[in-house]
Amino acid sequence: PAIPSNKPDAMSLSPYERCFVLDGVEQDCRVDGRGRLDYRSMTLQLGTSPQASGSARVRLGNTDVMVAVKCDIGVPPREHPTHGRLSCSVELSASADVKYEGRGGDSLANELTKALERTLLGASSGGAASLSAVGAGERGGGNP
């Protein structure tokens, strides 16, 4: 049986997994050999993609993440002249994992794209109308 948690997104552990984790903490040893207070080395590079408006590369241990943002200023749609527009696209590189080769990562990329758009344009942020306020230098996320 899994250990109950009051957090909806919490990961459930079996009693054996829980014992394994607690023993590791007690013995100050992680699976990869680091102590519990040892951290992975991290590097951050900015401006890694000259074609992007902004870009970064973060390396944390053996994990390597590259991010690029492209921005264009355009005219809002006629039916919503005070609204801004934001579109997101997530691409998963086959160099990150061979399962992303061809169309292997499309489903996950689409899911991540939708989650990113919901995060950036969610109801709490004021939706697309707030983009015009941000572009005008205002804060607060409401309609201009």
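Taking the Cβ of Cys29 as the centre, find all other residues whose Cβ is under 11 Å away and add up their charges (Lys, Arg: +1; Asp, Glu: -1).
In short, -2.
Out of residues 5 or more away from Gly54 or on other chains, whose amide H comes under 5 Å of its own, with H placed 1.01 Å from N in the peptide plane?
So Gly54 has HN proximity to Val69.
Taking 0.36 nm per intervening residue step and subtracting the Cα-Cα distance, what contour gain separates Arg36 from Thr82 on full extension?
Difference between extended and current length: 11.4 nm.
Give, as a single signed number, the net charge of other residues whose beta carbon lies under 15 Å from the beta carbon of Leu121, with Lys and Arg counted +1 and Asp and Glu -1.
Value of the local net charge: +2.
Give me, ordered by chain and number, the residues 5 or more places off His83 or on other chains with an amide H under 5 Å from its own placed amide H.
none
How large is ³J(HN,Hα), in whole Hz, for each residue of region 76-82 in order, when computed from phi with the Karplus curve 6.51 cos²θ - 1.76 cosθ + 1.60 and θ = phi - 60°, using x for Gly and Pro?
Per residue, the Karplus-derived 3J(HN,Hα) values read x, x, 4, 6, 9, x, 9 Hz.
No lab work stands behind these numbers, since they all come straight from the coordinates. The structure displayed is predicted, hence computed values, not measured ones. Cβ coordinates were reconstructed from backbone atoms using ideal geometry, including for glycine residues, and neighbour counts include every protein chain displayed.
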